[in-house]
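J.: Below you'll find the structure I mean.
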Amino acid sequence: MKKKYKVLLIIIFALIVLFLMAYLVFHFGSLNHNENYEVIDQIDKYNYTILSRDSKVLNKEFKKLKSILNQETIDYNEYAKTLSNLFVIDFFTLNNKVNKYDIGGVNYIFSNVLDNFKLNATETIYKYVGNEKIEFPEVKEIVSSEVSEDTYTYDKKEYAAYKVNVSWNYKKDLGYYTKGEIILINVDNKLEIVAFKGVEEN
């Protein structure tokens, strides 16, 4: 009995160690990669940053967001539109990402849904990122962004919300989404993405 008890303890301990390792890799793996890139611009109050690896189109959109947020009175429709554009450009530009844990656009996601968002990304669009035999996309331009005001209920709390329908093009069409619907909520005057849905072409 004592021998079986020791074996059981060893198995449980090993499982705990494996779980902790997986947790650390999943939650902090992408942060280590970003340490290799210089932050070239930032909006401190909102914790938004641009890295040296980011594309020109992302930099251009970031400057637009910075201008919007520097105004005395913020236009939340323009804020929602520009933040959605930034998310799309960063998330769907995969050719500058290191591996499937290096997910673009995560700093725009509502913290309460971030873990599920990361998990879904690593198992779908980002699943093969890092494989040198596969060609990955880069967003070339945002074609259009249409904003409508709404409300959104999360965990029994209602938020002021914005629905943004975005369409975009790539430098090379590799079969990825080119249209999407994004819902942002206002959390203490900061917009955060609470839902994203890719739209299939008709």
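J.: What does the charge count around residue 190 come to, taking other residues whose C-beta lies under 13 Å from its C-beta (Lys +1, Arg +1, Asp -1, Glu -1)?
T.: Values: positive: 45; negative: 44, 188, 192.
Residues near residue 190 contribute -2 overall.
J.: With the dipole of the range 68-139 worked out from charges on the C-beta (+1 for Lys and Arg, -1 for Asp and Glu) around the Cα centre, which of 116, 87, 68 lies farthest toward the positive end?
T.: Of 116, 87, 68, it is 116.
J.: Same structure, new question: If you roll a 1.4 Å probe over the range 82-191 with all protein chains in place, what percent of the accessible area is carbon or sulfur?
T.: 42
J.: For the range 60-72, just list the computed ³J(HN,Hα) in residue order, Karplus coefficients 6.51, -1.76 and 1.60, θ = phi - 60°, integers in Hz, with x standing in for Gly and Pro.
T.: So the Karplus estimates, Gly and Pro as x, are 4, 5, 5, 4, 5, 5, 4, 5, 4, 7, 8, 6, 4 Hz.
J.: Here's a follow-up. Could you work out how far the C-alpha centroid of the range 167-202 sits from that of the range 120-157, in angstrom?
T.: 5
J.: Just the Cα atoms of the range 38-155, one point each, no solvent: what log10 I(q)/I(0) does Debye give at q = 0.13 Å⁻¹?
T.: Here the Debye-derived log intensity ratios amount to -0.56.
The values are calculated or read from the model by the stated rules, or taken from the named source; none is laboratory data. Predicted model, so just to flag it, every value in this text is computed and none were measured. Glycine gets a Cβ as well: all are built from the backbone with ideal geometry, and neighbour counts include every protein chain shown. Protein only, heavy atoms only, side chains kept; ligands, DNA and RNA dropped before computing areas. Shrake-Rupley method; radii C 1.70, N 1.55, O 1.52, S 1.80 Å.
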